[in-house]
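Notes for the one structure printed next.
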Amino acid sequence: METLEATRDTAAKTVAQGNGRTPKKKSSLPIGVRLRRDWQMLVLMVPGVVFLLAFFYVPVLGNVVAFQDFQPYLGIMHSEWNGVQNFINLYGNPDFWDALRNTLVLAVVQLALFFPVPLAMALIVDSLVSNRIRRAFQTIAYLPHFLSWVLVIALFQQSLGGAGFVNNLLRQAGFDPIPFMTNPDTFPLLVVGQLIWKDAGWAMIIFLAALSAVDVSLYEAAAADGAGRWRRLWHITLPSLRTVIVLLLILRIGDILSVGFEQFILQRDSVGPGAAEVLDTFTYYAGVVGGDWSSGAAAGLAKGVLGALLLWGANSIAHRLGEPGIFQKRGGES
Amino acid sequence: MSGRTEQVGRPVWKERPAPLYQTIKAIVLGGFALAIIVPIMVVVSTSLASDQDIIEAGGYVLWPSHPTFKAYDTLFSGGLMGRAIGVSVFVTVIGTALALATTIALAYATSRPVLFGRPVLLLVLFTLLFAPGIIPMFLIVKQLGLIDSLWSLILPGALGAFNFVVMRTFFMNVPQEILESARIDGASDFMILRRIVMPLSKAVIAVVGLFYAVGFWNAFFNALLYINDTAKWPVQVILRTYVLQGKSLSADQLGVEPLPQPQSLQMAVVVVALVPIAMVYPFLQRHFNKGVITGAVKG
């Protein structure tokens with residue numbers, strides 16, 4: 001479930017790098033010779049490949065249940081095929097549309113409110129001169145990323161919940177308690193708040209890395225030419241970050257339909273499905289809990305395909321704009 | 001931090017920020033840090049507080065005046081929570097070992113231009129773009145007979161594409177000359193991996209191992225999906241059931257009586273889920289900045 005931009009970004013960069021880095025092909029050797037030479041390497045690949053087949057590629061094929069009237073006791077082999085009937089059912093299911101609408105609303109709110117925070121924080125941290133303060137802040141800011149969602153929401157509940165300590169303080173001070181955790185109207189804000197609390201510090205890491213790669217002599221030259229703080233930010237820092245920002249934005253868009261599954265499943269009870277039902281929780285409740293396997297799989301498949309299309313679309317737009325994006329078209333080193 | 005270190009660190013072209021900016025920076029960074037620290041501190045303090053402290057403070061204490069481990073005694077004296085900790089530890093240890101072995105082997109095998117190296121690499125990277133979906137995953141785990149088995153929490157997490165990429169990048173940066181000379185001396189691939197590549201990669205193995213460990217310890221949804229038997233629940237599911245959903249930990253579930261203030265007991269559950277992370281975190285943190293992450297980013 002780790003779909004943090006930072007991780008995806010590094011992954012993507014390495015792909016690009018890998019492309020440029022396999023120049024010497026020894027394809028001239030006959031396959032028998034290579035087999036004899038590489039057999040140990042092939043053995044090393046076996047566990048990983050078995051894993052990929054068992055827990056990725058076979059399940060991907062398992063998505064065919066979306067086109068079946070799947071009965072668990074009959075299994076995939078003997079269940080009836082029913083074409084796109086499940087998708088037609090979804091189309092007529094108001095719960096599905098609620099889930100889709102919630103997903104999109106939450107995704108847009110997250111994109112608008114979460115995305116700029118790590119960038120802004122990285123700029124502030126980078127401007128700190130004292131290494132001690134900078135390191136202390138980073139230590140604290142990275143920590144929540146390693147806490148589980150259950151723990152994060154438990155902490156939020158204990159802090160902001162109806163009986164939590166913030167409301168305790170409010171009550172002791174003679175104010176009315178505020179239902180931070182259970183108000184469906186402000187739920188998107190709560191969710192983004194949790195996301196910022198948990199991951200903004202960690203997401204900052206990648207901007208800091210990009211910032212540390214900026215050539216300092218550019219700043220010196222600009223300063224010598226009389227550029228002040230804001231000019232340097234605008235004309236040097238931000239342009240240097242452009243590639244990273246675009247890359248993260250693309251990955252974010254590809255991931256837009258996975259707004260944070262555990263976060264929602266954990267809070268669905270307290271806020272109600274009206275606000276907290278997203279595509280992933282719909283899949284879970286319809287399929288695993290409700291036993292309507294085919295509808296669940298259809299919703300899940302629709303989500304997966306849409307996500308991949310969005311990613312591809314965002315990437316090709318980036319290409320048009322002259323950015324490298326996630327995967328290079330061919331060869332180009334950047 | 002004295003004024004002198006600041007003077008040394010500041011480049012000549014960088015002017016000292018105006019007091020206004022400095023205040024804003026301090027508020028933003030300080031506020032964020034406090035927002036992270038205070039909730040954690042309150043939870044830890046409350047778990048350690050005596051019943052009397054909690055009643056006086058009206059539910060939560062910032063600092064326990066009469067610290068007691070009563071809540072922890074109750075938790076660890078067996079029953080559901082004791083078993084859950086056992087489950088979580090088992091899954092984390094075995095899962096991490098298995099995942100590390102799989103990842104190291106696959107990363108090494110694809111880090112060099114060998115037969116099928118390239119297609120296998122693409123096979124892994126494709127998993128970054130698409131997820132199989134909840135229902136097919138559930139069906140495959142069920143088909144393999146892993147429902148209600150702890151292996152359902154371990155096997156699906158045995159290879160993380162991101163960890164694989166970090167590992168492979170590191171292996172590719174091991175100087176080729178060392179590998180070549182070992183090869184000329186007659187070392188096999190297995191031996192090169194064990195005697196040369198792995199000792200050179202201790203840092204990255206440690207970090208990736210800790211990433212896996214954190215993942216296994218934190219896994220909640222897999223347990224919710226695949227484990228129905230309460231005796232096999234990991235800590236995270238207990239945390240959800242008894243703290244978030246507020247189901248009461250009754251005396252017979254814990255196997256003991258009498259109960260301390262439930263508030264401190266609930267907080268103790270939170271702390272139990274938190275402590276292992278807090279313990280490995282310093283080790284993780286040491287490697288972040290200049291180590292794996294930056295290295296992989298700069299490529």
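Nothing in this text is a laboratory measurement; each read-out follows from the coordinates by a stated rule. Predicted, not measured: the structure shown is a model, and the values here were computed from it. Positions of Cβ are generated from backbone atoms using ideal geometry, with glycine treated the same way; all protein chains shown enter the neighbour counts.
Rounded to the nearest Hz, the phi-derived 3J(HN,Hα) couplings of the stretch A:220-227 under the Karplus curve 6.51 cos²θ - 1.76 cosθ + 1.60 (θ = phi - 60°) are 4, 4, 4, 5, 5, 7, x, 7, where x marks glycine and proline.
I'd like the mean, over residues of B:118-129, of how many other protein chain beta carbons sit within 10 Å of each residue's own Cβ.
Working: counts 3, 1, 6, 4, 2, 7, 6, 6, 4, 5, 10, 10.
The mean count of partner-chain Cβ atoms within 10 Å per residue comes to 5.
Peptides B:38-45, A:310-317, ordered by how many other C-beta atoms sit within 10 Å of their residues on average, highest first, read B:38-45, A:310-317.
Would you calculate, for chain B, the mean residue ellipticity at 222 nm contributed by helices, counting each DSSP H stretch of 4 or more residues as -39,500 (n - 2.57) and dividing by all residues, to the nearest 500?
After summing the helix terms and dividing by residue count, I get -20000 deg cm²/dmol.
Peptides A:118-125, B:102-109, B:120-127 ordered by packing proxy, namely the average of other Cβ atoms within 10 Å per residue, highest first: B:102-109, A:118-125, B:120-127. PRE reach from A:Val305 (point 7 Å along Cα→Cβ): which of the stretch A:76-113 fall under 18 Å by backbone N? Correct set: A:81-93, A:96-97, A:100.
With neighbour counts taken as other beta-carbon atoms within 10 Å, the residues A:His145, B:His287 rank, fewest first, as B:His287, A:His145.
Each residue, B:Phe130 and A:Tyr73, gets one label point 7 Å from its Cα in the Cβ direction; the gap between the two is 3.4 nm.
Under 5 Å from the amide H of A:Asp69 lie the amide H atoms of A:Glu80, A:Trp81, A:Asn82, each residue being 5 or more positions distant or on a separate chain, with H modelled from the backbone and absent for Pro and chain starts.
Length gain on complete extension for the stretch A:Val46 to A:Leu218, per 0.36 nm per residue less the alpha carbon to alpha carbon distance? Provide the component values of the computation, followed by the final result.
On the way: separation 172, 0.36 × 172 = 61.92 nm, distance 4.90 nm.
Stretched fully, the A:Val46-A:Leu218 segment lengthens by 57.0 nm.
How high is the FRET efficiency from A:Asn183 to B:Ile196, r the C-beta distance, R0 45 Å, rounded to 0.05?
Computed FRET efficiency for A:Asn183 and B:Ile196: 0.15.
Ordering A:44-52, B:171-179 by mean Cβ neighbour count within 10 Å, with the highest value first, yields A:44-52, B:171-179.
In the protein assembly as shown, taking the dipole from charged Cβ atoms about the Cα centre, the farthest positive-side position among A:Ala203, A:Thr186, A:Leu74 is held by A:Ala203. Shielding by partners for peptide A:254-261, expressed as the average number of C-beta atoms from other protein chains within 10 Å of each residue's C-beta, is 1.
Looking at chain B, do any whole DSSP H helices span at least 18 angstrom along their long axis by alpha carbon and average 0.5 or above on Kyte-Doolittle, and which? Those that clear 18 Å and a mean of 0.5 are B:19-48, B:79-110, B:202-218, B:262-288. From its DSSP helices (H runs of at least four residues, each -39,500 (n - 2.57)), chain A gives a residue-normalised ellipticity at 222 nm of -20000 deg cm²/dmol. When A:Asp98, A:Asp176 are sorted by how many other C-beta atoms sit within 10 angstrom of their C-beta, beginning with the fewest, the order is A:Asp176, A:Asp98. Mean per-residue shielding of peptide A:77-90 is 0, counting Cβ atoms of other chains within 10 Å of each Cβ. Residues B:Thr169, A:Thr139, A:Thr283 in ascending order of nearby Cβ atoms (within 10 Å, fewest first): A:Thr139, B:Thr169, A:Thr283.
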